[in-house]
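To start, the structure itself, in structure tokens.
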Amino acid sequence: MTGTSRTATTIAIGAVGGLAWAASMRGMMAQLAGFESEFHWLGTFVFILIPGTGMGALLGWAFARRIAGRTRGAAWLALAPIAMLADPATLPLLGAFIGAGFLFSRRSRRWVRLLAGIPSLILLIGVPVAAAFVVGMTTPHDAWLTIQLATLIWIPAIAEILLQRPWDDVDPQPTAQADSTLIRVEHESAA
């Protein structure tokens, strides 16, 4: 598989994952709203499904670049959750996804990472806990809904944490020179 087809495949996988995430998020919101929930072309597709697909595709592209060992422009791709900004009410949560990744990135001074990351973690933990209190957790449906909300919130945060890890954690693809050196060493040791 060539580098271009590998990148395209990773972007496509990311886009499908982003669409599945956004569709699940929309279903969870409908469950929270109850019978009052309405589906509209603009609200459901333009504000949730299409941006979610875009976020997934951008994350897929970021991971493809990371796998290939290309670090240039990676910081911009870490902002992939901003693709979901079609609804400005989501900004704190989108910031929390990125902030959680930054907290574990080891890319800045510790106090800067803590300043950005601790509020992010508080929000990522606090939203599901608050929802548990609002929903009540008295029925299996309530417990399921709370678990669904918590896992849906943590999926992009975990992707950001993995994406923003230091690049030296990635094993680069062996180069042709490294391969020829290995072959020469094996040949000399066999002789």
Simple spin-label estimate for Phe45/Asp87, 7 Å along Cα→Cβ, in nm, reads 1.7 nm
Which of Pro81, Pro166, Pro128 fluctuates most in a GNM of the chain (C-alpha springs under 10 Å)? That residue is Pro166
In the list (1) 52, 47, 37; (2) 52, 37, 30; (3) 77, 39, 31, the entry giving Cα extents along the principal axes in Å computed from the coordinates is (3)
Hits in region 88-114: amide N under 13 Å from the 7 Å Cα→Cβ extension of Ala75, namely 107-109
Highest mean packing first, using Cβ neighbours within 10 angstrom, the peptides 41-49, 99-107, 113-121, 12-20 sort as 99-107, 12-20, 113-121, 41-49
Helix 91-103 sits off the longest principal axis of the Cα atoms of the chain, rounded to the nearest 10 on a 0 to 90 degree scale, by 30 degrees
Comparing Ile50, Ile155, Ile82 in a Gaussian network model of the chain (Cα, 10 Å), the one with the largest mean-square fluctuation is Ile155
Candidates Ala157, Ala80, Ala132; GNM for the chain (alpha-carbon contacts under 10 Å) flags as most fluctuating Ala132
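No value in this document is a laboratory result; all are computed from the given coordinates. In this text, all values refer to a predicted model and were calculated from it rather than measured experimentally. Counting neighbours? That spans all protein chains shown, and the Cβs are built from the backbone with ideal geometry, glycine included.
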